Structures are given as structure tokens and as C-alpha cells.
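*Asks:* I have a structure here, written as C-alpha cells, and I will follow up with some questions on it.
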Amino acid sequence: KPTAYGDAADCILSDSLGWLLARYPLLMAAGELEGGAEVRDKYEAYVKGGGHLLITAGNLAKFPEGLAGIHVEGDRKHFGAGESVEVGETRLVEENPFDVYPLVFPKSAQVRAEISGVPVAVEMPYGEGRITVLTSPFGVGVKVARGVAEALAEEVENQVDKSLARPYPLLNH
């Protein structure tokens, strides 16, 4: 959605140096990462130093042995549109079908959101910072494979001075 305040985020690459990452209070791994031990170690150092890392299970799965003791284990579980996600005392209804990965995490982690007892958001202190993992592959709903290219072509029509089309909207939780 457009705001009256302009841009609210910087986009930096996953190979940015640690000192640059440390300048940000929140780091969100928004695109698909290559993974690997180097990026994992850099993200763990960022969090230990006081940063807050937000990452999806799709990216977490790319790190050898996970991240800070949290790792993906098992196959995706599918939920349909209209499912209710509990976020504390609040219930959010998901408008789109979505998948989640099962996570293994230390006892110091807390489930922040769940659906039918299945965690969809987990947060854990680590060093001076914290890690939040969304258990969906990349934070968006899944598309029904009915000719995805044709469906996207219909949905993605941008107009001047209007909000951009969102063929892959973020999940509500």
C-alpha cells in the first residue's frame, strides 16, 4: 500500500558485510537465498550482536544445520483459504491457501502464531538479539496450478497512481 512517508526499507544483498548489517535493527530475508555456512554465520553474528532477523522457512531450509539451533525438518503441510491463525489473543483469517514447514527449535523459542496447534511463527532470543521464523516457505500463499502464467497475466495490470498489483500477497499472519 502506498504511504505518505515514502520508502520505509533499504534493499541490501545477502553478501553484504557484517558491519553494514549491524547498522539495521531489523533484517528481513525477503528473497530466496542461496544459503551456505558463510551467510548463516553472518546472520547468527548479526543476531548475537543485537539485531532482529526475520526469515522464512524456505530460506531457513537452505542453511546447513539451520540457524541458531532452529531448523526445518519434514514435509510441508497445506492449509486452505479461510483458515484461522491464532496470533496471541488475536485470530486472523487467511484469504489464500498456504503451506508451512515443520520446525525443530530450542526450548528458549516461543510460538508466536499457530494454526490448529501447528506453529506458523516462532521467535527466539539469541545473544543480544532475536530471530523470528515464519514457517511458510516464503510468506506468501500458494497458487493453484491452473495455468499460473495466464492467471498472473490477468492479475498483473498496473495503472498510474494506483497501488501495484499483488499476484502473490503476503499472508495475514
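The values are calculated or read from the model by the stated rules, or taken from the named source; none is laboratory data. Given the structure is predicted, the values throughout are model-derived calculations rather than measurements. Backbone-built Cβ (ideal geometry, glycine too); neighbour counts: all protein chains shown. Only protein heavy atoms, including side chains, enter the accessible area calculation; ligands, DNA and RNA are left aside. Shrake-Rupley method; radii C 1.70, N 1.55, O 1.52, S 1.80 Å.
*Asks:* Which Cα, out of Trp19, Val100, Val87, lies furthest along the positive dipole direction of region 10-105 (beta carbon charges, K/R +1, D/E -1)?
*Replies:* With unit charges placed on the Cβ atoms, the residue in question is Trp19.
*Asks:* Rounded to the nearest 0.05, what FRET efficiency is calculated for Asp161 and Gln110 with R0 set to 35 Å and r the Cβ-Cβ distance? Each step should come with its number before you reach the end.
*Replies:* On the way: r = 42 Å, r/R0 = 1.21.
Efficiency, from the Cβ-Cβ distance: 0.25.
*Asks:* Cβ neighbours within 10 Å, averaged per peptide: list 132-143, 48-59, 77-88, 103-114 in order, most packed at the top. Don't jump to the answer; show the numbers that get you there.
*Replies:* Values: 132-143: 20.8, 48-59: 19.2, 77-88: 14.2, 103-114: 15.8.
Those peptides, ordered most packed to least, come out 132-143, 48-59, 103-114, 77-88.
*Asks:* Quick check: residue separation of Trp19 and Glu32 times 0.36 nm, minus the Cα distance between them. What number comes out in nm? Present the calculation step by step, with values, prior to reporting the outcome.
*Replies:* Working: separation 13, 0.36 × 13 = 4.68 nm, distance 2.21 nm.
Going from the current span to full extension adds 2.5 nm.
*Asks:* Ignoring ligands, DNA and RNA, please state the percent of accessible area on region 17-140 from carbon and sulfur, probe 1.4 Å. Provide the component values of the computation, followed by the final result.
*Replies:* Details: 3300 of 6470 Å².
Its accessible area is 51 percent carbon and sulfur atoms.
*Asks:* Name the residue from Val72, Val39, Ile55 whose Cα lies farthest towards the positive end of the charge dipole of region 34-133, charges +1 on Cβ of Lys and Arg and -1 on Cβ of Asp and Glu.
*Replies:* Final value for the positive-end residue is Val39.
*Asks:* Can you list the lysines whose alpha carbon sits under 26 Å from that of Lys143, skipping same-chain ones fewer than 8 residues off?
*Replies:* Excluding near neighbours in sequence, the set is Lys1, Lys62, Lys77, Lys162.
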